[in-house]
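No lab work stands behind these numbers, since they all come straight from the coordinates. Bear in mind that the values here come from a model prediction, so they are computed numbers and not experimental data. Using ideal geometry, Cβ is built from the backbone for each residue, glycine included, and neighbour counts are taken over all protein chains shown.
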Amino acid sequence: EAGVAQSPRYKIIEKRQSVAFWCNPISGHATLYWYQQILGQGPKLLIQFQNNGVVDDSQLPKDRFSAERLKGVDSTLKIQPAKLEDSAVYLCASSFGTGGAGNEKLFFGSGTQLSVL
Amino acid sequence: AQSVTQLGSHVSVSEGALVLLRCNYSSSVPPYLFWYVQYPNQGLQLLLKYTTGATLVKGINGFEAEFKKSETSFHLTKPSAHMSDAAEYFCAVTGSGGYNKLIFGAGTRLAVHP
């Protein structure tokens, strides 16, 4: 089966610019996750969708980050304006069921590596 | 709050040698524990997970991990390393408030030398 697709693979921007990342989960997967992985740290959950509704966005910096999942399929994550500390790999993952990351098998994309200069 | 500590950000072994990657956790509730692997330029993939029951868990590619409640540990082992095992390994624990969220450790990069 096709995996989780993410684009772009790399992005370099200057601080205060805006940027958007795109994720296409595995077909039929109900739950979609965005993680931020800063160099030297483990992935941190930013936002979790079940179908097109938000389940958890407690760690999303809402003053600059936004995300949407249109029609419960594709998702975009946006940063506006970007800060230097946003430099990280942004990982998208999906799971078939709605039991959450502890109960479901997560399938991860290869990520988007963002560098903010 | 739940947390994960992976001892050693880099581990280097010779091909054929034992692989031991250490993970300790803290949790206020019975945890679910996971090991994920990230090969270069690829996404994370699940190696194995512990929920309940047997404390020795076998995963893919010959890896296994043992849940030791008394030591709050979930170390990952493989008897004989292959060159293809070179990757970054992440230990994770379920967060508080149910089993909906994963808390990841900082990762251990495994290098395998001929």
Here the FRET efficiency for A:PHE96 versus B:THR72, based on Cβ atoms and R0 = 22 Å and rounded to 0.05, is 0.10
Mean separation of Cα contacts under 8 Å (at least 6 apart) over the residue count of chain B, i.e. the relative contact order in percent, is 38 percent
For the protein assembly as shown, Rg(Cα) over 2.2 N^0.38 Å is 1.01
Of the residues B:GLY62, B:CYS91, B:HIS113, the Cα lying farthest along the dipole of segment B:53-114 towards its positive end, which is defined by charges on the beta carbon of Lys, Arg, Asp and Glu, belongs to B:CYS91
Any lysines whose Cα falls less than 23 Å from that of A:LYS11, other than same-chain ones fewer than 8 residues away, would be A:LYS44, A:LYS62, A:LYS78, A:LYS83
Flagged as over-length at 20 Å C-alpha distance, from B:LYS58/B:LYS78; A:LYS105/B:LYS68; A:LYS105/B:LYS58, the pairs are A:LYS105/B:LYS68
Here the gain from full extension of A:GLN59 to A:SER7, 0.36 nm per residue of separation minus their alpha-carbon distance, amounts to 16.5 nm
Once phi for every residue in segment A:49-61 is put through the Karplus expression 6.51 cos²θ - 1.76 cosθ + 1.60 (θ = phi - 60°), the whole-Hz ³J(HN,Hα) values, with Gly and Pro written as x, are 10, 10, 6, 10, x, 7, 9, 8, 10, 5, 10, 8, x
The size of the Cβ-based charge dipole (Lys, Arg +1; Asp, Glu -1) of chain A about the Cα centre, to the nearest 20 debye, is 260 debye
Computed for the protein assembly as shown: size of charge dipole around the Cα centre, +1 on C-beta of each Lys and Arg, -1 on C-beta of each Asp and Glu, debye to nearest 20, value 280 debye
With the dipole of chain A defined by +1 on each Lys or Arg Cβ and -1 on each Asp or Glu Cβ, the option from A:LEU91, A:SER7, A:HIS29 whose Cα lies farthest towards the positive pole is A:SER7
